[in-house]
Structures are given as structure tokens and as C-alpha cells.
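Trainee: Structure below; questions to follow.
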Amino acid sequence: MLSTALRPRSILGLIVSLALAVGFVLLSQWQLESSEQARTVADPAKDVAVPLEEAAAAGAPVTTTQADQLVTVTGDYRDGSTVLVPGRLQDGTEGWWAVTALTVPGSADRWPDAGGELTVAVARGWTADPASVPAEPEGTVGVVGRYLPAEGPVPGAELPEGQVGTVSPAQLTNIWDTPLWSGYVAAFAENPAAAPFQLAEDGTLAQGAALLSPQLSRLDIDQQPTDESVNLLNLFYAVEWVVFAGFAVYIWWRFVRDEWQREQNPDEYFYFEGEYFYDEAAGRYYYYDPDAGEYYWFDDQPAGREPEPEPTTHDTSHDRTQDRTGAHHD
């Protein structure tokens with residue numbers, strides 16, 4: 001069977017089969033990578049604080065790389081700018097977020113088209129009683145919090161004055177009449193600017209970090225959403241492509257095996273309803289097709305194979321005549 005596998009036609013078939021198998025394996029790898037990409041895993045680097053100016057460009061949309069990053073920012077809360085966002089859960093209790101405008105000094109050159117100092121919306125904390133929300137801390141403060149993408153505004157929501165449906169910088173920029181960062185900061189810690197940020201030595205949030213307004217509860221927002229489950233459909237497709245790769249090689253093996261067995265047992269592989277003969281001079285089998293009224297060679301027979309049983313009573317001189325006049329081939 002090795003000699004059959006080494007024939008040019010068999011080698012060409014092997015090359016094609018291997019090329020298909022490699023393609024199928026690459027498709028399987030792609031499906032595996034897709035199943036991993038569907039996972040959303042928490043990034044430890046996003047829990048190490050960086051300055052807001054480095055984490056996100058002013059005036060640019062919030063990307064997935066920037067979202068959930070722990071940031072530090074120094075600025076001044078604008079007096080009377082606090083708005084409340086209802087329907088916020090904290091430890092299973094529904095309440096309000098207090099969101100305030102924080103003006104960042106020296107930020108005008110970061111977005112020249114804004115025409116002035118930039119502002120970032122800061123969710124200062126949570127409260128169960130909207131009447132107990134304190135005034136904005138005075139002076140320059142340092143804030144540590146998580147930078148989050150904007151929420152979509154809720155049109156047509158009938159809310160009391162001083163409340164908004166979502167934390168939407170696109171909406172808040174009109175309320176505060178100032179250019180804003182595209183995202184907002186959920187505050188975890190506040191301190192006077194003269195004091196260092198409440199961070200551990202490794203840059204993560206310090207244990208016991210606190211807000212300047214004790215009436216507000218510190219927000220507890222993790223990186224989200226996180227989904228470490230694997231897409232089973234992608235895994236199924238990955239296994240399926242590997243099966244196809246094996247099947248491509250199997251088809252080539254069957255081709256070589258069948259070719260070899262035809263040569264070893266021509267009587268079994270060329271059985272049909274009719275007679276076939278053997279031409280000793282050519283060393284080949286042929287048969288007569290009564291419908292077409294023509295003789296045809298069995299091209300796949302090895303030269304020199306002796307027929308079993310003995311050839312039928314066919315005139316070998318006719319064989320040679322037929323060969324001279326041009327026997328038809330399958």
C-alpha cells in the first residue's frame with residue numbers, strides 16, 4: 001500500500017488534505033479564542049490608581065480599556081451643583097447618588113475647543129434620605145474613584161427639581177453649562193488637596209478610605225460586568241473543526257486504501273452485470289457495453305495481472321484490433 005500512497009496522484013491528494021486539515025485547525029483555534037474573548041475578567045491593573053488625565057483624554061469617548069480604571073483627580077466642587085440620581089441600590093437598599101461638578105484646574109489646554117477649564121462629574125456617595133445630602137466640600141479636594149462610562153439619559157422622566165434619571169455627562173453639561181469629561185468618577189475617597197490621596201503603597205485604594213462628607217456612604221463599585229464563563233457554543237464549533245480536520249485526512253487514507261484494494265482484488269471492485277475480458281498483449285482488463293455497442297478499458301488495473309478465472313471465449317485478435325482502432329476509456 002505504500003507504493004500506492006507514493007504515487008503522484010496520491011501525494012497531490014495528501015497535500016490537499018493536509019491543507020484542508022490545517023485550515024480547519026486554524027478555524028478551531030479561532031473559535032477557542034472567540035470563546036475566551038467572550039469572557040470579561042477583572043483586570044488587576046485597573047485597581048491601581050492613575051491620574052484622570054492619563055486614564056482618559058478629555059472630550060473623547062470612554063473605551064473599554066479606560067472604563068473601570070481607578071483614578072485620582074484634584075479640583076474644586078462647584079457650589080450648588082449637586083444633583084440626585086434616584087433608584088440606586090446600596091447593600092440591597094434603594095436610595096440616591098449625590099453627583100457634583102468637580103472643576104479641574106489647569107485642564108483648559110487638554111481640550112482647547114472647550115474654551116475653558118474642564119469639569120468631571122463625581123458621584124460623591126449614596127444616601128437613603130435625599131434631604132440629608134450635605135453641601136459640597138469647600139476648597140480644593142483630592143478624589144480617588146473609579147472612572148465609569150456615561151449612562152444614557154432617560155427622556156421624559158418626571159423627576160423632582162434637582163434630580164436626574166442617570167449619570168449622563170451629555171445631560172449634565174447642559175445643566176451645569178460647562179464642558180465635561182465623557183465619563184464620570186464614582187468616588188471612593190476624598191481628602192483636602194494638602195493631604196495625600198488615600199492609597200496603599202501599591203497604588204490601590206487604602207483600607208479605611210473615607211469621604212469628606214460622613215452623611216454619605218462610600219460607593220462600592222467593582223469592575224463590571226465580569227463574566228468568567230466560557231461560551232460553550234464556541235467550544236462546540238472548535239471541536240467540530242478538529243473533527244473536520246481529521247475527516248479530511250481520513251478521506252485521503254480511504255482513497256489510497258481503496259486504490260490499493262482495487263489493484264489487489266479487481267474481480268470484486270469491477271463487478272458489473274456483463275462480461276469483462278483480459279488482453280494479454282496489453283495486460284489490461286476491458287469490457288463490452290451492449291447499450292453503447294463499444295468496448296472499454298478498465299484503466300485502473302495494474303499491468304500484467306493475470307485474470308481469475310480464465311478469460312471468457314473472446315478472440316484476442318479482436319482485442320488487438322480493438323486496441324488499434326482505439327478502445328474507449330472510463
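Trainee: Could you tell me whether Pro214 is modelled with pLDDT under 95 and either open to solvent by 20 Å² or more (accessible area, probe 1.4 Å) or at positive phi (or both)?
Mentor: yes
Trainee: If I filter region 199-207 for residues that are in contact with a Phe, Trp or Tyr (Cβ under 6 Å, 6 or more places away or on another chain), within 30 Å of Glu138 (Cβ to Cβ), at pLDDT 90 or above and outside any loop (DSSP other than H, G, I, E, B), do I get at least one hit?
Mentor: Taking every residue of region 199-207 in turn, at least one turns out to be in contact with a Phe, Trp or Tyr (Cβ under 6 Å, 6 or more places away or on another chain), within 30 Å of Glu138 (Cβ to Cβ), at pLDDT 90 or above and outside any loop (DSSP other than H, G, I, E, B).
Trainee: Here's a follow-up. Can you tell me which residue is most open to solvent (accessible area, probe 1.4 Å) among those in region 157-177 that are over 19 Å from Val71 (Cβ atoms) and not in a loop (DSSP other than H, G, I, E, B)?
Mentor: Among those that are over 19 Å from Val71 (Cβ atoms) and not in a loop (DSSP other than H, G, I, E, B), it is Asn174.
Trainee: Another question about this same structure. State whether one or more residues within region 131-150 are under 22 Å from Ala189 (Cβ atoms), of a type in the set (A, V, I, L, M) and surrounded by fewer than 17 Cβ atoms within 10 Å (Cβ to Cβ).
Mentor: yes
Trainee: In region 136-156, what residues are at negative phi, in contact with a strand residue (DSSP E or B) (Cβ under 9 Å, 6 or more places away or on another chain) and in a loop (DSSP other than H, G, I, E, B)?
Mentor: Glu136, Pro137, Glu138, Pro149, Ala150, Glu151
Trainee: Can we say Phe188 is within 20 Å of Val104 (Cβ to Cβ) and either open to solvent by less than 30 Å² (accessible area, probe 1.4 Å) or among the basic types (Lys, Arg) (or both)?
Mentor: Here the answer is yes, as Phe188 does meet what is asked.
Trainee: Looking at region 63-84, is at least one residue open to solvent by 50 Å² or more (accessible area, probe 1.4 Å), assigned to a helix (DSSP H, G or I), in contact (Cβ under 8 Å) with a residue 12 or more places away in the chain and over 21 Å from Gly142 (Cβ atoms)?
Mentor: Looking for residues that are open to solvent by 50 Å² or more (accessible area, probe 1.4 Å), assigned to a helix (DSSP H, G or I), in contact (Cβ under 8 Å) with a residue 12 or more places away in the chain and over 21 Å from Gly142 (Cβ atoms), one finds none in region 63-84, hence no.
Trainee: So which residues in region 86-122 are open to solvent by 70 Å² or more (accessible area, probe 1.4 Å) and over 22 Å from Thr166 (Cβ atoms), if there are any at all?
Mentor: Pro105, Asp109, Arg110, Trp111, Pro112, Asp113, Gly115, Glu117
Trainee: I'd like to know if region 284-301 contains one or more residues that are buried (at least 16 other Cβ atoms within 10 Å of the Cβ) and at pLDDT below 60.
Mentor: Within region 284-301 (the criterion being buried (at least 16 other Cβ atoms within 10 Å of the Cβ) and at pLDDT below 60), the answer is yes, since at least one residue qualifies.
Trainee: For Leu6, state whether it is closer than 30 Å to Asp129 by Cβ, out of contact with any helix residue (DSSP H, G or I) (no Cβ under 7 Å at 6 or more places or on another chain), open to solvent by 50 Å² or more (accessible area, probe 1.4 Å) and free of Cβ contacts under 8 Å to residues at least 12 places away in the same chain.
Mentor: No; evaluated as a whole, the condition is false for this residue.
Trainee: For a quick check of your reading of the model, give me the residue pairs whose first member lies in region 222-250 and is surrounded by 15 or more Cβ atoms within 10 Å (Cβ to Cβ), whose second is at pLDDT below 85 and among the acidic types (Asp, Glu), with beta-carbon atoms closer than 7 Å and at least 6 apart or on different chains.
Mentor: Gln223/Asp43
The values are calculated or read from the model by the stated rules, or taken from the named source; none is laboratory data. Remember, it's a predicted structure, so these values are computed and weren't measured experimentally. Reconstructed Cβ throughout: ideal geometry from the backbone, glycine too, with neighbour counts over all protein chains shown. These accessible areas exclude ligands, DNA and RNA; they are computed on the full protein's heavy atoms, side chains included. Shrake-Rupley method; radii C 1.70, N 1.55, O 1.52, S 1.80 Å.
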